[in-house]
Amino acid sequence: MALNPFDLSGKLALVTGSSRGIGRALAQALAKAGARVVLNGRDTAMLQATRAALSGSGLSVESCAFDVTDEAQVEAAIDRIESEFGAIDILVNNTGVQIRGPLESFATQDWNRIVQTNLTSVFLVSRAAVQRMIARRRGKIVNVLSVNAECARYSIAPYSATKGALKMLTKGMCVDWARYNIQVNGLGPGYFATDLTRPLVDDKEFTAWIERRVPAGRWGDVEELGGAVVFLASPASDFVNGHVLYVDGGMTASL
């Protein structure tokens, strides 16, 4: 093993949904560990702004805008990335969406959207990338789950369903692809303060619930996910496969 098993120098990482929030934090952590990172998102302007900000801090960052739920776009994007930037060593499937509502009146179109975004996209992007990883007999795939893969709250049953299914897809990917020296693991964030969760953070009642429910007594900072994703993307985790690493302040450990 390398002198520093967490060193990602010379590796290329694709992080989907990385123009902001958790995805951006994961991309930044991988880049700080030495990887060259390809950012992804659908909003070209936001993607370029994130790339400029990270590049301006001295990190090696590229970008590729495509819709992870569109099979044709995914296939073309993976071809382009491998052609222009090099072999994808690390894939982080981070793209996700939350749609809240009572299950008994949840719209079918919203159900289809959340399944396409949170689950089908992981299958599409992973399938396109892993074919090349198999040929090279190496690769790291990190699927971003949630504590809601283990537990649900009122109004988020469809989201929990997709994250629970993604947990099992992660294990299935491990079983299918471990023989090719490919490690597939899950990263399960707890409740983190981001732009998307800002309304919840600003909700005094909800934040009080977080402070009571989470043993650490607070919201997480997205930078606290960095060590976990670097571990799962690095040689340090070469015999870790099919595992879900929860970074949640102890939430899943507590009743």
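The values are calculated or read from the model by the stated rules, or taken from the named source; none is laboratory data. Just so it is clear, the model here is predicted, and its values are computed rather than measured. Don't worry about glycine lacking a Cβ; one is built from the backbone with ideal geometry, like all the others, and counts go over all protein chains shown.
So the values come out like this:
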{"item": "Options G242, G226; residue that is at pLDDT 95 or above and either touching an Asp or Glu at 6+ places or on another chain (Cβ under 8 Å) or at positive phi (or both)", "result": "G242"}
{"item": "Close pairs (6 angstrom Cβ cut-off, 6 or more residues apart or separate chains): surrounded by fewer than 16 Cβ atoms within 10 Å (Cβ to Cβ) and outside any strand (DSSP E or B) in the range 59-88, at pLDDT below 95 and among the aliphatic types (A, V, I, L, M) anywhere", "result": "none"}
{"item": "Residue among E62, E75 that is in contact with a strand residue (DSSP E or B) (Cβ under 7 Å, 6 or more places away or on another chain), farther than 17 Å from G21 by Cα and of a type in the set (D, E, K, R)", "result": "E62"}
{"item": "The range 34-58, residues that are more than 18 Å from the chain's Cα centre (by Cα), outside any loop (DSSP other than H, G, I, E, B) and not hydrophobic (A, V, I, L, M, F, W, C)", "result": "T44, Q48, S55, G56"}
